[in-house]
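Nothing in this text is a laboratory measurement; each read-out follows from the coordinates by a stated rule. The structure displayed is predicted, hence computed values, not measured ones. When we count neighbours, we look across all protein chains shown, and the Cβ atoms used for this are built from the backbone with ideal geometry, even at glycine.
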Amino acid sequence: MNYRINVFEVKGNDSNVKAYANIAFGESLVVRNIAIVERKDGEGLFVNMPSYRSNEVNEQGNPVYKDIANPVTKEFYKELTDNILEAYEKRAELGKDGMKVGDDSAEPVFNVSLTPIDREGSHTKGLARVYIEDSFVIQNISVVEGKNGLFVSMPAYKTSRGDYQDIAFPITKDFREKLFGAVLDAYKQEKEKPREKRAAETKDKVQSKDGEFIEVSDKDDLPFR
């Protein structure tokens with residue numbers, strides 16, 4: 001796996017968030033808003049992957065947050081978080097080039113998993129997950145029906161200014177075309193399947209109140225999620 005880590009320190013902030021990291025996979029795809037957080041007891045730092053507030057609550061009645069982008073294996077979780085924390089400690093000497101991991105900047109290998117959405121009145125027609133080298137997943141990628149046809153919308157967050165910023169997005173035009181083309185192809189392939197077959201394949205998936213599908217798998221039970 002080839003990737004580059006850039007760390008941006010949060011200054012003049014009383015929050016326990018000390019910095020944010022960006023991860024660029026193969027100089028083709030970037031994931032932002034990975035928080036480097038100080039523990040409440042002040043004993044060390046940990047890495048918090050970008051997440052969203054779901055409609056679920058825990059036993060204490062508090063909202064449950066779900067990852068938008070995260071490692072899917074214990075091995076890569078440890079590798080990535082260790083490297084992020086090291087990049088934070090060495091941020092002054094690394095500078096704008098960041099920490100480079102791997103030997104080259106070849107495009108990452110990826111595959112797409114997509115669930116079509118059949119909901120009356122909704123412009124969202126499908127939700128995709130993109131798996132990078134079977135080690136990292138980006139979720140909440142939407143296939144949306146617009147005035148000029150279908151397009152792909154990457155996961156984003158709303159800023160204090162009221163606009164939206166992508167959390168993950170392609171860096172280059174070539175990789176953007178490749179990634180978005182693969183997502184749209186996956187959507188078309190799923191839609192071509194008979195409705196009964198699609199229903200059978202999604203029997204282990206749960207639909208939340210806002211129409212989002214959460215896939216139930218052993219990946220969702222990893223201790224770091």
Fill in the blank from the handout: With label points set 7 Å from each Cα along the Cα-to-Cβ direction at Ser54 and Asp103, the distance between them in nm comes to 4.0
Problem - Amide N of the stretch 62-85 lying under 19 Å from the label point, which is placed 7 angstrom from the Cα of Lys18 along Cα→Cβ - result: 78-85
Fill in the blank from the handout: Under a Gaussian network model of the chain whose springs join Cα atoms within less than 10 Å, the largest fluctuation of Asp14, Asp41, Asp104 belongs to Asp41
Fill in the blank from the handout: GNM of the chain, Cα pairs under 10 angstrom: of Ser160, Ser51, Ser113, the biggest fluctuation goes to Ser160
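Sum -39500 (n - 2.57) across every DSSP H segment of at least 4 residues in the chain, then divide by the residue count to get the 222 nm mean residue ellipticity, nearest 500. Write out the running numbers ahead of the final one.
On the way: 4 runs with 47 residues, N = 225.
Result for the chain, helices only: -6500 deg cm²/dmol.
Relative contact order for the chain using alpha-carbon pairs under 8 Å, separation at least 6, rounded to a whole percent? If you can, show how the numbers build up before the last one.
On the way: 400 pairs, mean separation 40.1, N = 225.
It rounds to 18 percent for the chain.
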Handout entry: For the chain: span of alpha carbons on each principal axis (Å, largest first)
Key = 56, 46, 37
Practice task
Please tell me which of these pairs span more than 30 angstrom C-alpha to C-alpha: Lys74/Lys188; Lys40/Lys78; Lys18/Lys66; Lys147/Lys193; Lys11/Lys158; Lys147/Lys173?
Solution key: Lys74/Lys188
Exercise for the section: Under a 10 Å cutoff between Cα atoms, tell me which one of Asn140, Asn83, Asn62 has the largest fluctuation in the Gaussian network model of the chain. Expected result: Asn62
